[in-house]
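The values are calculated or read from the model by the stated rules, or taken from the named source; none is laboratory data. Being a predicted model, the structure only gives us computed values, none of them experimental. Heads up, the Cβs are rebuilt from the backbone with ideal geometry, glycines too, and the neighbour counts pull from every protein chain shown.
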Amino acid sequence: MEFDQKKVVTMVGTLVLAGAVVAAGVYGPSAWKVLRPQTAAPSDQVLIQNPPVDSGGTGAKAGQTAAGTQGAPGQVNPASPKTQPGQASPAVTVPAPGINTAPQGDVSSSKKYKEPDLNQMDLAPSIASYFNSAGDGLSDLAKGKAYSAAWNIHQYVDGYLFGPTAGPQMNEQDIKKYIVFFKTMWASQLKSEPAAQKVTAFSNYLDVLFNRGADAFDAKDKARIEQFHQEIHDLDEHLFRNNTSAKIYGATPFATKR
């Protein structure tokens, strides 16, 4: 049997081509995955934040961890307070500032603010006649307010001049406001005192003293502040408490020799 060489070559080529098509259909997709060039991972990645607070107020804040502390995902601050699910975080109560409240600086002071002790009040003879209940002097309420003003201001002036071991701490402008407060309180009390016109020598002096102190601290004038300190010291220690063991400056017109 004779074979036509041209037909044989044509048939073999057809079979090879058919086999290549079949192989490409079966192995082509897998080969493409292996042989295709690998692309670099995207450099910009998206950081998924924790959900924001929901309308009920129980969700975690955005950018916080599940424990409710600020930080990177997966980090927990062990010092942070833990709350039970469904419970609100405890509220922090901040006391309202008051004129007789010790300032924040007093926390580290070695000598703290003390409330006026009325049991220590013992008027010196030079001012005792200005306070009586016989109708020709100021009332006990006025006496208590004047004494409290001297006691309180004296503490902060001592602390300002001599440091935390001498008294509670307050800066110049706050001491000025403190003095103005007591000046206003004293002036208001005098309006309700029937015998106010009979004791003008003392009441006017106290009003002027408050003015001098407020002006001295407003100007931050150390010389005038020291002068005011001597007067408020004598007013508190000697005129209102009759403290014979305290230093005597003799800085008031009512000073008495002992």
Of all residues in the range 92-136, how many are more than 30 Å from ALA201 (Cβ to Cβ), more than 16 Å from the chain's Cα centre (by Cα) and either modelled with pLDDT under 90 or polar (S, T, N, Q) (or both)?
3
Report yes if some residue within the range 159-181 is more than 27 Å from the chain's Cα centre (by Cα), without any contact (Cβ under 8 Å) to a residue 40 or more places away in the chain and at negative phi; otherwise report no.
no
Inside the range 128-153, can you point out the residues that are out of contact with any strand residue (DSSP E or B) (no Cβ under 8 Å at 6 or more places or on another chain), surrounded by fewer than 22 Cβ atoms within 10 Å (Cβ to Cβ) and under 19 Å from PHE210 (Cβ atoms)?
LEU141, GLY144, LYS145, SER148
Considering only residues that are free of Cβ contacts under 8 Å to residues at least 40 places away in the same chain, among the polar types (S, T, N, Q) and out of contact with any Gly (no Cβ under 7 Å at 6 or more places or on another chain), look in the range 105-158 and name the one that is farthest from GLU193 (Cα to Cα).
ASN119
Among the residues of the range 211-223, is any farther than 14 Å from VAL157 by Cα, in contact with a Ser or Thr (Cβ under 9 Å, 6 or more places away or on another chain) and not acidic (Asp, Glu)?
no
Return a yes/no flag: does the range 229-236 have any residue that is closer than 21 Å to LEU118 by Cβ and among the β-branched types (Val, Ile, Thr).
yes
